[in-house]
Amino acid sequence: MEKKQKSKEEKIKKTECINKNCWLVKTLNYPPYKRCQYCDLKFRNCLFLHYQIISLVLIAVLFSFCFFFGGGNFKLISISIFTSVVAYGYFFNKSTDKIIEAYFAQRKAKEALEELTKNLEKKVEEQTKEIKNAYEKEVENKEKITKISEDLKQANEELTQLDKTKSEFLSIASHQLRTPLTAIKGYLSMVIEEKYGNVENSVKEKLKSVFLSNERMIKLVNDLLNISRIETGKIELEPEEVDIKEIISELIEDLNLSAKEKNLYLRYEDSQKSLKKIVADPSKIREIISNIIDNAIHYTEKGGITITTELKNSNMLIKIKDTGKGMSKEELSNLFKSFSRGTAGIQFNIAGAGLGLYAAKKFVEMHKGKIWAESEGKDRGSIFYIEIPA
Amino acid sequence: MKKILLIEDEKVLSDLYEDAMKKEGFDVFAVPDPEEGLAIAKKEKPDLIVLDILLPKENGIDLLKKIRKDSEISSTAVVAFSNYDDPKTKKMAKKLDAKDYLIKTNYTPQEIIEKIKSYL
């Protein structure tokens, strides 16, 4: 049974769509017909059609022979044969149609399955590719991360080395610059103090000028080094209890000489309400006040400088008032920038960058304080305010 | 007469301070080399060592550590003395029991001598 089915199917396979060229199909247009599921042409299984027609012709011939040339029984036999053949042919047709349908349905299903399998395979291939790409990307990323972390490590080492170099530079710079200045200061003071013998007053006065110039040089170097440290973040506060009055008194003693050179007074007016001691870095507080006083002395030609201290909202407020050249609004706004000189500076041909005030501002800010200046204008003097939290 | 050991590598400054101290009546040993300074400290047992920080072969702080470790001279008064103004170095010096850390350019020799006298 299966063999028969198979051979029938094979025959059907041979006939599909070749039928479009079959002359019988085209000429006879033999109904009832079926449409080819693939090319939509009317067809009848061509081979079967040929068999059917050939057998029908033979049967017709046989029947005709029997009917016309045979006896009475032959007529009956031929009619019954003819009828059974036609019936057989009809049912045979139906069954082949069913076979054809089943075959095509199976083939369609098979093709659909193949299509699905193909699609699935394609999808699996694509996804495998994607996974592979993703994996390769991850490996690549890991390598990149490893490289970046190695680069970072190296950069970190270089920064540490740079930091070390900066520290070394600062130490060498401060040592090299300060050594000759120390020698000049030392020997000058010894000569002025007559440790090497008497010195005429007129000579002494000249030597004092040299001494003061040297002091300014020392101060300039200090300011440069301070700013260099501030900018490279290598400066720290060393807070302790500080007596502002004591610092101011000491500074007045130190700076009196340069004030007297210009016949200026330098005095400290004590207010009863001021705090006796505050927590601050004493060397930096000295720098701040000393820079302001120094600045005031330079920009004042007559009169003098008055320093007062008072309490303001539990903060220490230091006021340094001078009777000097004063400042315009523009000069006031540029005052604490790292390089600025007022027009008075150019006029008086005073050498020096605005480093002292810039350093003072930075130190005040390190103490979380405020520094500002006021002036009523040209030749009307100035007042500098330093506010330090207690 | 009080003895002062001065360890200072810059000749001009060494001469200056040696001169100033001698005029003040101190017995001064001025050496530029830290190892030599250590040897003299052990031999002469000075009343005060004035120690420069930026020395050529050895940092002044390291020398101070050696002084403190050596039982013969560990209790000698030391004043650190430098133009290197570094807070960390200052802290180290104070930790190693230095009486003071003076910045050379901030003081005249006379002012330094006044300070030294207060530590003797």
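The values are calculated or read from the model by the stated rules, or taken from the named source; none is laboratory data. The structure presented is a predicted model; accordingly, all values stated were derived computationally and were not measured. Neighbour counts run over all protein chains shown; Cβ positions are idealised from the backbone, glycine included. Heavy atoms of the whole protein, side chains included, go into the accessibility calculation; ligands, DNA and RNA do not. Shrake-Rupley method; radii C 1.70, N 1.55, O 1.52, S 1.80 Å.
A few comments on the model shown:
- Residues of the range B:1-47 buried by at least 20 Å² of accessible area upon assembly of all protein chains, compared with the chain on its own (1.4 Å probe): B:Glu10, B:Val12, B:Leu13, B:Leu16, B:Asp19, B:Lys23.
- Inter-label distance for A:Glu269 and A:Ser213, nm, one decimal - labels placed 7 Å from Cα along Cα-to-Cβ: 3.7
- 10 Å-binned pair-distance histogram of the range A:142-267 (Cα, whole percent): 10, 24, 27, 18, 9, 6, 4, 1, 0
- Bridge orientation summary for chain B: considering DSSP beta bridges with both residues in this region, about 0 percent are antiparallel.
- Net lengthening on full extension, A:Phe74/A:Ser249 (0.36 nm per residue, minus Cα-Cα): 47.0 nm
- A loss of 40 Å² or more of accessible area (1.4 Å probe, protein heavy atoms, ligands and nucleic acids excluded) relative to the isolated chain is seen in these residues of the range B:82-113: B:Asn83, B:Tyr84, B:Asp85, B:Pro87, B:Thr105, B:Thr108, B:Gln110.
- Sulfur and carbon atoms: percent of accessible area, the range B:46-120 [1.4 Å]: 46
- Above 22 Å, the calculated P(r) of the range A:54-209 contains 79 percent of its Cα-Cα pairs.
- Listed residues B:Lys104, B:Lys95, B:Lys42, most fluctuating in chain B (Gaussian network, C-alpha, under 10 Å): B:Lys95
- Rounded to the nearest 10 Å², the accessible area of A:Glu253 at probe 1.4 Å: 150
- Relative contact order (percent, whole number), chain B, Cα cutoff 8 Å, 6+ residue spacing: 24
- FRET efficiency estimate (nearest 0.05) - Cβ-Cβ, A:Ala112 to A:Ile81, R0 41 angstrom: 0.35
- Chain B packed on chain A takes about 2200 Å² of accessible surface away from a 1.4 Å probe, both sides summed.
- Accessible solvent surface per residue of chain B, calculated while the other protein chains remain in place, 1.4 angstrom probe, Å²: 44
- Averaged over residues, the count of other Cβ atoms within 10 Å places the peptides A:227-233, A:356-362 in the sequence A:356-362, A:227-233, highest first.
- Stretchable slack from A:Ile145 to A:Leu56, in nm (0.36 nm times residue separation minus alpha-carbon distance): 23.5 nm
- Carbon-plus-sulfur accessible fraction, the range A:134-266 (probe radius 1.4 Å, protein heavy atoms only): 55%.
- Looking at the range A:206-312, the accessible area is 49 square angstrom per residue; that uses a 1.4 Å probe and ignores ligands, DNA and RNA.
- The label-point distance for A:Glu236 and A:Phe67, in a model that sets each label 7 Å from Cα toward Cβ, rounds to 13.0 nm.
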